């Protein structure tokens, strides 16, 4: 059994969607990040960085893993699924996983903040992070021009990037100029396991104005703390 500590964010979806795809039994512990509970005990004893997601593997002496990418790698290696066994194939998956962690996540995350949540509108900051997000989307789009998935077969690399690209509109970035990326996204959005993973710990529809407003208020509180 896996204990999953998470919330409705792209990084949270990376963990829950991976668990769903791997069909591992897990129990969800919602961590409402708008309350800052993630910065308090007992959660920081699991993740000293005070961020979601985190897991505890009860079948492995209560082994705790934090950082979404590290969680994905741990679960893939635990099961021998969603990552190749050969050195080259494994490296390709990890490269695109790191591409999301080092590029798409940080840049799109800042685009989200400056486009929607920051107390004042700073056009230069909004443009800077939206443009960098678009550049990274262009890399994904070009790579997907002649392949179905990012690194050979469907893998944790796809799940990681999907978790962020699926909320592109939240950063004010469209996919009109990225047809290959849009095709890939639509394909992944139809996967039952990913649909279930995106509903953990509860369903969130960022195209719904009311829920979007609630999420915006919650994030404004986080920025001012």
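Couple of notes before you dig in:
- Subset tally (residues that are part of a helix (DSSP H, G or I) and more than 22 Å from residue 47 (Cβ to Cβ)) for region 80-99: 10
- Odd one out for residue 171 among (1) crowded, with 22+ Cβ neighbours inside 10 Å; (2) modelled with pLDDT under 95: (2)
- Filter result for residue 145 (exposed (fewer than 15 other Cβ atoms within 10 Å of the Cβ), under 16 Å from residue 187 (Cα atoms) and more than 20 Å from the chain's Cα centre (by Cα)): yes
- On the stretch given as region 144-170, residues that are farther than 27 Å from residue 7 by Cα, assigned to a helix (DSSP H, G or I) and touching a residue at least 12 places away in the same chain (Cβ under 8 Å) total 2.
- Restricting attention to region 57-83 and to residues that are crowded, with 18+ Cβ neighbours inside 10 Å, over 13 Å from the mean Cα position of the chain (by Cα) and in contact (Cβ under 8 Å) with a residue 40 or more places away in the chain, the residue that is nearest to residue 34 (Cα to Cα) turns out to be 57.
- Some residue of region 34-46 being under 21 Å from residue 159 (Cα atoms) and either in a strand (DSSP E or B) or without any contact (Cβ under 8 Å) to a residue 24 or more places away in the chain (or both): no
- Candidates 71, 52 - the one that is assigned by TED's automatic domain parsing to the domain that holds residue 17, closer than 22 Å to residue 21 by Cα, in a helix (DSSP H, G or I) and in contact with a helix residue (DSSP H, G or I) (Cβ under 6 Å, 6 or more places away or on another chain): 71
- Scope region 171-185; condition assigned to a helix (DSSP H, G or I) and within 13 Å of residue 104 (Cβ to Cβ); matching residues: 171, 181, 185
- Residue count for region 21-48, restricted to those that are over 24 Å from residue 83 (Cα atoms) and surrounded by fewer than 12 Cβ atoms within 10 Å (Cβ to Cβ): 5
- Test for residue 206: is it within 15 Å of the chain's Cα centre (by Cα) and modelled with pLDDT under 90: yes
The values are calculated or read from the model by the stated rules, or taken from the named source; none is laboratory data. Small disclaimer: the values here were computed from a predicted structure and weren't measured. Positions of Cβ are generated from backbone atoms using ideal geometry, with glycine treated the same way; all protein chains shown enter the neighbour counts.
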